[in-house]
Structure formats: structure tokens, C-alpha cells
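Beneath this line is the structure, given in C-alpha cells, with notes to follow.
The values are calculated or read from the model by the stated rules, or taken from the named source; none is laboratory data. This structure is a prediction, so every number in the text was calculated from the model and none was measured. Cβ sites come from the backbone with ideal geometry, for glycine too, and all protein chains shown count toward neighbours. Surface accessibility is based on the protein's heavy atoms, side chains included, excluding ligands, DNA and RNA. Shrake-Rupley method; radii C 1.70, N 1.55, O 1.52, S 1.80 Å.
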Amino acid sequence: SPALFSSTVSRASLSISLKDHRHRFDGEPLDRGTFFSKWRGRYGARLRGCPVRLIRGVVGQTLAEMDTRHYVVDTTDGPSFDATYTIVAKDILKLADDDRAQAPSLSNGSLAGSINNSTTSATLSPTGIGDLEYPASGWVCIGGKEVCAFTRSGDALTIDRAEFGTVAAAHDAGDRVQLVLRYTGNTPAFIIEDLLTNYAGISSSYIDLPEWETECADHLGVIYACTITEPTSVNKLVAALIEQAALAVWWDDRAMQVRLANVGVYAP
């Protein structure tokens, strides 16, 4: 059965155990190391997110006729003392789990100098971080407490204080200047697609956004707004929206598509 996008539901998982053996890489002597020890040295953790296919069939079927399910590499381990190398693969929504993806992304800028509770300008540190990470305008949360609207030129910010119910306060040099993620009135389809593609790194080719939008328009007809001031698990954000909108989101491992449906409509 499909794995719903929820931390309370077990996801599809595939475990592969491979026997290690001597192997020659790049003309090395055969007795100098094993295949998977060299494989680990070359690829290490870079395999995470790589595609894995599980193909099942019977004698006489062509490859196209066989049942193919799609996963991505989650973890690798080994080779162990018994010469076993293990790959654990999960469905692609694993990329949005708490330890993998956060929205908004962590900002690396901080205040170059202290400001009082009425200052309307600030400078980012380190030098050059403004052009690297910050848009020309938007919202920031300073010191984890106060949200400000801003416009930017280089590392210099012009700020409007105490936005969205926060209180203007003095801030010290070195306080983090975190970009704020704000949705001002969007469909659940748009928000979930944005979180999964832009913050969890799931390819948009796996999501049929027009199909999602049609599902929401036909059975929901509600838009949502939210302001996220600190990096938060994409899994947590999507799960909260799913609960609010009575949706299900799951990985269709045969069609290689993330599906979205209104569970109130399809429930028995």
C-alpha cells in the first residue's frame, strides 16, 4: 500500500545485502582491497538520494512486462566484518524528513553591529553574504524574536520593524538574521509542491502540479497563509497542512509520481 506523508505511518523500505569480494579498480593489484571498501572510498555518503529500482518478474517476461518499483538510497553500511555491504532504500518522500530538509533554509548572515529598538537600518556580516543569500526584499527574523520587512543593497538592509505581531527590541552584533518564508494566500497544492521541490530537493518531474491544483479546486476551494520564521522540518510543515486540508500525499512507486488526494472525498 502507498505510504502516506505522515510521521505516524511506516514508509516503504528496501534492504539490499551484497557480498564483498576482491576487485581490481583502475589497474590496482587484485589483492589490494575489496570491491566495497574501494566503492565506499569513492562514493561514501554521496549515494544518498540516488535511484534504486526493484524489478520482479517471472520466466518468459520481458523487462518491460515486469513489475518495477522505484526508491532512492537512504543509507549505506559496510563492508562489515562478515564481508557484507548493505543499502537501505526508501520512498522519495524520505528526502523531506526532519533530518534532511528544512524550510526556510538556515540563513548564514548575522548583524555586523548592534541596533536599538528604533533603528531602521542594519548591516549583514560576513561581507558579501547579502548578495549570496538574501533577495532584494522580503522579511527577516532577527535574533529569533523580531520579524522585519526589508529592502537590501549589498549587505545594507533598510528595515521596517515589528512585523506580524512581533515586538521591536534591541539586538546585539552577531545575532542571526534569518530569512522568513511567507505564503500570503496559496492553495495546499502550491505550498506542498514548493516545500518538496525547493526545500526537500524532490524533482518537480515527480509532481503533477496541475493535477494537484485540479484536485484542490474540485474538492477543497480553500487557500492558506502562513509565516515561518525559523528553519522547520519540511515533513512537519507538510503534515500540518495535510491535516488542516484533509489531504493524503504519497509516493506512487510504480508511476514515479508523488500523488495528492482529498481523503474526505475518497474515504469509504
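Mean-square fluctuation check for the chain, GNM, Cα pairs under 10 Å: which of R176, R48, R32 is largest?
R32
To the nearest 0.05, what FRET efficiency results for V167 and L106 with a Förster distance of 22 Å applied to their C-beta separation?
The value I calculate is 0.40.
To the nearest µm²/s, what D does Stokes-Einstein give for the chain at 37 °C and 0.692 mPa s, using the Kirkwood radius over alpha carbon pairs as Rh?
150
Find the accessible area per residue for the range 31-138; the probe is 1.4 Å, ligands and nucleic acids are left out, and the unit is Å².
I get 57 Å² per residue for this part.
Which residue, H171, H23, H219, has the most motion in a Gaussian network model of the chain that connects Cα atoms within less than 10 Å?
Its mean-square fluctuation being the largest, the pick is H23.
What percentage of the solvent-accessible surface of the range 180-268, computed with a 1.4 Å probe over protein heavy atoms, is contributed by carbon and sulfur atoms?
51
If you place +1 on the Cβ of every Lys and Arg, -1 on the Cβ of every Asp and Glu, and leave all else neutral, what size is the dipole of the range 94-199 about its Cα centre, to the nearest 20 Debye?
Rounded to the nearest 20 debye, it is 120 debye.
Which of the listed residues, A168, A136, V88, is farthest toward the dipole's positive end in the chain, when Lys, Arg count +1 and Asp, Glu count -1 at the beta-carbon?
V88
In square angstrom, rounded to the nearest 10, how much accessible surface does F36 have for a 1.4 Å probe?
20
In whole angstrom, note down how far apart the Cα centers of the range 204-238 and the range 80-144 are.
Taking the Cα centre of each part, the range 204-238 and the range 80-144 sit 21 Å apart.
Which residue fluctuates the most in the chain, going by a Gaussian network model with Cα springs under 10 Å, if the choices are N117, N198, N186?
Comparing N117, N198, N186 in the GNM, the peak value goes to N117.
If the only charges are +1 at each Lys and Arg Cβ and -1 at each Asp and Glu Cβ, what is the size of the charge dipole of the chain around the Cα centre, to the nearest 20 debye?
900
Using θ = phi - 60° and the Karplus curve 6.51 cos²θ - 1.76 cosθ + 1.60, what whole-Hz ³J(HN,Hα) does each residue of the range 48-57 get, with Gly and Pro shown as x?
Using θ = phi - 60°, the values come out as 4, x, 6, x, 10, 10, 9, 10, 10, x Hz.
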